[in-house]
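Here's the structure we're looking at; comments come further down.
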Amino acid sequence: MPKTVIALNELRTPLPIPPRAAGLAAASADTRGRRLRDLRISVTDRCNFRCVYCMPKEVFDAQYAFLQQREVLTFEEIVRLASVFRGEGLEKVRLTGGEPLMRKDIDRLVAMLRAALPGVDLTLTTNGSALKAYAQRLRDAGLDRITVSLDSLDDATFRAMNDVDFPVAKVLEAIDAAAAAGLSPVKINVVVKRGVNDAQVVDIARRFRGTGHVVRFIEFMDVGSTNGWRMDDVVPSAEIVRRIGEHFPLEPLDPEYAGEVAERWRYRDGAGEIGAISSVTRAFCSTCTRARLSTDGQLYTCLFAQRGYDLKALLRGGASDDDVAAAIRSIWHARADRYSEIRTAETARARKVEMSFIGG
Ligand code: SAM
């Protein structure tokens with residue numbers, strides 16, 4: 001019997017579909033005054049890495065029931081939904097997963113989104129394993145920028161964290177290829193886990209100072225329910241910034257826009273900037289403008305959600321764009337999520353949707 005961490009049909013919440021022309025204004029706010037600005041789209045729930053903090057091997061093994069192709073949104077469905085979201089105020093799209101470069105012809109999807117969403121910031125997050133060959137094609141298709149995940153410069157640590165023995169050198173080559181293709185500034189995501197890679201944060205900062213790339217240190221989060229999260233494993237961003245600042249003096253920078261996830265710090269000597277993403281120690285729920293579309297077309301309004309809303313069923317059931325827009329508006333209006341503000345050891349143990357499925 002194939003296993004899933006949470007049976008997907010348990011996650012679906014009946015859609016609060018309002019009557020047609022419910023009269024709600026586009027780009028309206030949720031119950032806490034937050035606008036819908038960003039959409040993260042998971043284009044596949046599969047990944048070729050088994051990062052210990054995200055898709056641990058013991059769970060995501062040969063018996064794991066990944067989605068079947070018929071369950072996965074087609075490119076046309078993704079573009080249609082993104083266009084409807086655009087009408088609700090969307091300004092930024094991030095393609096993610098799973099590993100988005102494992103989705104066949106991903107550059108074609110980028111080109112389709114580019115054509116459908118002029119002016120929208122179009123980005124993608126990847127583990128970098130296939131990026132070297134793809135970077136120029138993605139840029140040519142209209143991708144604006146890219147984020148590459150890289151948890152260590154030490155080859156042994158990197159191989160242990162991705163748990164498929166993938167060498168760090170290939171990801172470093174891919175980062176160079178992305179910059180050469182014009183996907184800059186390249187952002188580099190480093191998930192920091194105490195006792196695993198936290199001793200390396202200064203080396204990572206040193207390596208990318210002066211390159212134009214922006215390293216973002218991310219606190220290990222209790223996403224999903226399979227990564228064995230414990231507060232003791234979290235290295236608070238303040239500690240990371242302090243450690244780096246002891247070697248390379250830093251000063252805070254203003255956010256580039258309201259609701260920016262990373263707190264920004266600039267090297268005082270002008271060698272660039274770093275970011276700190278502190279979902280655990282400095283929750284940013286109050287400014288969260290992100291919606292997430294899972295690989296199978298469920299809308300989630302929080303990374304830590306237990307349930308999504310089935311937009312694919314609407315699309316495949318013949319709903320018009322107006323119907324879909326009304327459903328999105330109604331879901332967003334009712335949104336009250338603030339998981340990171342109320343996180344406790346208890347909530348961390350709750351069943352939540354996996355990040356590879358909902359999109360990181
Ligand atoms: N496969 C792509 C990648 O590796 O970047 C995209 C998907 S991945 C889920 C997106 C981001 O989420 C990565 O930067 C990853 O390191 C981060 N991530 C995954 N699990 C996490 C966790 N438990 N805490 C913090 N960040 C996590």
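Among the candidates 32, 70, 50, 46, the residue that is assigned to a loop (DSSP other than H, G, I, E, B) and either surrounded by fewer than 17 Cβ atoms within 10 Å (Cβ to Cβ) or β-branched (Val, Ile, Thr) (or both) is uniquely 32. Take the residues in segment 183-197 that are over 30 Å from residue 142 (Cβ atoms) and open to solvent by 20 Å² or more (accessible area, probe 1.4 Å), then tell me which one is farthest from the chain's Cα centre (by Cα). In this case the residue turns out to be 195. Count of segment 212-225 residues, restricted to those that are open to solvent by less than 30 Å² (accessible area, probe 1.4 Å), more than 10 Å from the ligand (Cβ to nearest atom) and assigned to a loop (DSSP other than H, G, I, E, B), is 1.
Exactly one residue out of 291, 262, 327, 283 is of a type outside the set (Phe, Trp, Tyr) and surrounded by fewer than 21 Cβ atoms within 10 Å (Cβ to Cβ): that is 283. Here the condition is being more than 16 Å from the ligand (Cβ to nearest atom), touching a His at 6+ places or on another chain (Cβ under 9 Å) and in contact (Cβ under 8 Å) with a residue 40 or more places away in the chain; of 180, 205, it holds for 205 alone.
Evaluating residue 153 against the criteria (1) within 30 Å of residue 324 (Cα to Cα); (2) open to solvent by 30 Å² or more (accessible area, probe 1.4 Å); (3) not polar (S, T, N, Q) leaves one unmet condition, (1). Do we have residue 309 as more than 16 Å from the ligand (Cβ to nearest atom), surrounded by fewer than 20 Cβ atoms within 10 Å (Cβ to Cβ) and of a type in the set (Phe, Trp, Tyr) here? So residue 309 does not fit the description; no.
Residue 98 meets each of the listed conditions (1) open to solvent by 20 Å² or more (accessible area, probe 1.4 Å); (2) farther than 24 Å from residue 332 by Cβ; (3) in a loop (DSSP other than H, G, I, E, B); (4) small (Gly, Ala, Ser) apart from (1). Of all the listed residues (141, 62), the sole one being of a type in the set (A, V, I, L, M), modelled with pLDDT under 95 and more than 16 Å from the ligand (Cβ to nearest atom) is 62. Filter segment 117-130 for residues that are more than 10 Å from the ligand (Cβ to nearest atom) and open to solvent by 10 Å² or more (accessible area, probe 1.4 Å); which is nearest to the chain's Cα centre (by Cα)? Among residues in segment 117-130 that are more than 10 Å from the ligand (Cβ to nearest atom) and open to solvent by 10 Å² or more (accessible area, probe 1.4 Å), the one nearest to the chain's Cα centre (by Cα) is 121.
Here is a yes/no grid of residues against (1) closer than 30 Å to residue 208 by Cα; (2) within 12 Å of the ligand (Cβ to nearest atom); (3) in a loop (DSSP other than H, G, I, E, B):
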| residue | (1), (2), (3) |
| --- | --- |
| 55 | yes, yes, yes |
| 83 | no, no, no |
| 86 | no, no, no |
| 115 | no, no, no |
| 132 | yes, no, no |
| 136 | yes, no, no |
| 146 | yes, yes, no |
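The values are calculated or read from the model by the stated rules, or taken from the named source; none is laboratory data. Note that this is a predicted model, so its numbers are computed, not measured. We place every Cβ from the backbone using ideal geometry, glycine too, and count neighbours over all the protein chains shown. Note: accessible area is taken over every heavy atom of the protein model, side chains too, but ligands, DNA and RNA are not part of it. Shrake-Rupley method; radii C 1.70, N 1.55, O 1.52, S 1.80 Å.
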